[in-house]
1. Could you name the aspartates and glutamates whose alpha carbon sits less than 17 Å from that of residue B:467, not counting residues in the same chain fewer than 8 places away?
2. Quick check: convex hull over the Cα atoms of region B:1-133, volume per residue in Å³, rounded to an integer?
3. Rounded to the nearest angstrom and ordered from largest down, what semi-axes does the equivalent ellipsoid of region B:898-937 get from its C-alpha gyration tensor (root of 5λ)?
4. So with the 1.4 Å probe, I'd like the accessible area per residue for chain B, rounded to whole Å².
5. Write down, largest first, the equivalent ellipsoid semi-axes of region B:854-980 in whole Å, where each equals the square root of 5 times an eigenvalue of the alpha-carbon gyration tensor.
6. Roughly how crowded by other chains is peptide B:921-933, in terms of the mean Cβ count from those chains within 10 Å of each of its Cβ atoms?
7. Per residue, how much space in cubic angstrom lies within the convex hull of the C-alpha atoms of region B:746-906?
8. Given the Cα-Cα distance of residue B:61 and residue B:42 and 0.36 nm per residue of separation, how much length would full extension add, in nm?
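The values are calculated or read from the model by the stated rules, or taken from the named source; none is laboratory data. All values reported here derive from a predicted model rather than from experimental measurement. Glycine gets a Cβ as well: all are built from the backbone with ideal geometry, and neighbour counts include every protein chain shown. For accessibility, only protein heavy atoms count, side chains too; no ligands or nucleic acids. Shrake-Rupley method; radii C 1.70, N 1.55, O 1.52, S 1.80 Å.
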Amino acid sequence: MVKKDILKHKLVPDHVVLKKNQIVKVLKAMEVHPEQLPKIKLDDPVVKAIGAKEGDVIKITRNSQTAGKFVSYRLVLG
Amino acid sequence: MTGIIKKIAQINFGLLSPENIRNMSVTKIVTPDTYDEDGYPIEAGLMDPRLGVIDPGLRCRSCGSKGGDCQGHFGHINLARPIIHVGFADTIHKILRSTCSSCGKVLLTDSEKEFYMGKIEARIKNEESITDIIKDIYTLARRDDCPHCQQEAEIRKNAEFMIQNSEEILEEIGPDLDADTKKKIEDKVQKLVELEEKRVSSGEMDDMEPNADINAIKDATEELIKVVKDIKGQNDEVTKELQELVEPIYQEAKRAQQRTIQEDIKIDKPVSLVEGNYKLTPSEVREWLEKIPEDDYYLVGINPKIAKPEWMVLTVLPVPPVTVRPSITLETGERSEDDLTHKLVDILRINQRLKENMEAGAPQLIVEDLWELLQYHVTTYFDNEASGVPPARHRSGRPLKTLAQRLKGKEGRFRSNLSGKRVNFSARTVISPDPNISINEVGVPEMIATEVTVPVYVTEWNIEQMKKYIENGSKIHPGANYVIRPDERKIRVYDETKESILEKIEPGYVVERHLMDGDIVLFNRQPSLHRMSMMAHEVKVLPHKTFRLNLCVCPPYNADFDGDEMNMHVFQTEESRAEAKSLMRVQEHILSPRFGGPIIGGIHDHISGGYLLTRDGSVFKEEDVFQMAQKSQLPMPEPKNRDWTGKEIFSLLLPNELHMVYRAEICRKCDECLREECKNDAYVVIENGELKMGAIDEKAFGAFSGKILDSVVKEYGTDRARKFLDSATKLSISGIMKRGFTTSTADEEIPREARDRIEELLSNAEKKVEQLIEAYHNEELEALPGRSLRETLEMKIMQVLGEARDKSGEIAESYFGMDNHAVIMALTGARGSMLNLTQIAACVGQQSVRGGRIERGYRNRTLPHFQEGELGAKASGFVHSSYKSGLDPLEFFFHAMGGREGLVDTAIRTAQSGYMQRRLVNALQDLNVNEDGTVRDNRGVVIQTRYGEDGIDPAKSDFGKVADIDRLIEEMRIKAKADK
């Protein structure tokens, strides 16, 4: 099987693992506990590809029909 | 009803133990009879007076409270034999399948057990669901040998092995044996016996490390074998001794081996559990469940604090209080019992017979039959729709409504009594139109207005008014029905009591006065699919018996007047009134959040009227104009002392600073737009609130697409928009009344010449179809990419016939002008379409079933009038005639086929989308948009970081977009031009 970089596929939006201080900032801005964020599974192909660990927060930037660019955050869970 | 108010901290759902059931019971029920000859309830019968009272006069024998206040008390029936509870049959089945039939333990190894217990404990600590873990356990524990029993079996196998070996060795070596080896063997045997005794005395090996124990025995046996192998000689005595020692172990081993092979348990719906080929009796099931050690309860999904698995098999049946199953006395004086009582009588009767038979020592077969029958009655008592059991029926043949049926489904307790209820202060009647009232109003029949009331607090400022209402009483319209004293006593206003009430009334009283003009009410039409299905209206009390509503609010309610009924609810508090007035009033809902345009707007004649009023060349006498303005509640315009154009009249409605450009509905979508020079009057320009050019039609103030209306709401607010809409519709109606408007089949009349042209066109098309078919038969047809030859033919034929119909329509259209009222309606968007007209005038066209030409019916043909395999236009449902000329019988038949499919599709679609909507609503009902723009559920979990990703309220958007830049630029251009 040919191994492909799924991150380069046009349907896969941009995933970035946030640093500790960035997480604090985001959580504070939204006034949420990490558990109140949407979740993403640890065995999600993209999570595996970017090497995120349980407890990390991932910033996802996708193209949006209504807003152009749209940013959302997800908590990595096992 | 008064009671103690307490806050619920927690709810636990568990099982009732037999002990619980007996404790809460006030009496044991024994006799299946209810009343004696004198009509008094029999003690220990199903209507035992201790079970509670229904008659308001009597006092309860158990709690002493009056009828109505007593919620009733349970009784109980001791079942002669255990009975499986239908509701738990599935759970029992799963538990039996995952536990050992001999030791009762869950069929998991110790390490698996530990793993799952850890997981379960963590979930319980976090108050999360453990159902998925339990599901995993059920699948994993579906083994056919018990890991616990098997380990024992292994040693026993060793014991067996040892016996065989030692016997063999003894025979070989012979009887001479020295004291030394004898001692050695005796030691080993002794050790083995000790270990075995220790194991047996420690019971089921649960508090000690079971493996160590078993391994020790195993080792000991092996050692013994070794010793026996080593020795040179032995005597009979030792052999005998050895045999005696190992014999019990050997026997035990054999039994253990046999029973560890677990047969698969199957469930024979609804309550029979079958182990291999043997049907387990409920008693056996109960014994098995009792064997399950408490430590394993969590692993099979039972909380040991509130339930035990054996409680799922009933030994005692609770009898619900009489208040749950009241008997009704018919007019004839005959008593009719509730379905539940009937069922309980059946249970008692069979239970009694079973007990008697058992005591008399009847044959096993008879007892089992009765037991089965009792099981049937108890099963149907809980659920009379359980699969695999014939439903218990009433004497009349109607299936009984038992416990599960009371709760289940749309008519069940949950959906019809708890999620939704019948309410007071509501009314329902037929609706009819009233073009003279505002969109904000609703006409309420006087009959209803005198029945539903509004509570008003009496103050020193309104006391005179209130007294007048009381004087009018409950029959004369602005009256009052009830007065509530400060001590919360409600007094009905009668002619006789009027005087005394009038004397006593003072500030602090509440008067429930009739509904009056200006009151705010909620108005609703089912199905309530969106928020515009319930809007707040102002009451206008009118004569006659129907609710009256303005025609502009028909689209949001999806109402028409072919017999539709609507509901009205009267607000009972100031807060609700205020909230409804600011949030739910009709004018606040002119713009729909569905598409960011008006959903409330002109329909039908409003549109045609607007066009007749404002089209080019439409002029009115000044006196007519004044009349129309007066009727439309417009300020009297300055006299011009000349005839007015319709556009000037319409300009009276528009706000002074309004600038707009748009293309009207009548726009023909020419290849190149002539803009201001448009011949169709379709280029609408509004400058400084003056309609400079273009005709008013659906795009101006129609529901779903009205651009002017949309602009007025967004620029000038809902109040101005309501006034605009009220006046515009009235003005349009005045216009249509001045000009006159009618339609008949004469509107679809086309000259002979046109008909000849259409005839020729259609026959050409049909010829072309014949050619295609011939080409297909001669295999000259070339297949389109990705299509078979047959599909290609179908597509080509459809295309030719579709074109033929369109062309015939065009021919017909070319003979229609804007003096034709049917055409005006179609083109302005008032009602109907050009397709409708051309189908009437020229050609109906191809009928379709399942998205293609008709090909079903007989073998290889649609009807016996055709040859097998005929593919022609006529044979597959092309309707050549027009509706006006009439369809021939074959055409009529094909048309009915297509029509029927359409009907069936809509019926299915509504049912499907209704269920889909229900599921969606249930999933999304408590999401809300926070102040920071995030969408969250009720736990604060973020669903979307910004509502709709762009944070736009679609109701305030420009037909779904944030803003229409092109339109804004165009309007600024017009404004600049006007300012110059």
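1. In chain and number order, the partners are B:495, B:496, B:499, B:503, B:506, B:512.
2. 174 Å³
3. Equivalent ellipsoid of region B:898-937: 36, 10, 4 Å, largest first.
4. Per residue, chain B has an accessible area of 55 Å².
5. They are 53, 30, 12 Å, listed from largest to smallest.
6. Shielding by partners across B:921-933 averages 1.
7. Dividing the Cα hull volume of region B:746-906 by its residue count gives 138 Å³.
8. Extra length from residue B:61 to residue B:42 when fully extended: 5.5 nm.
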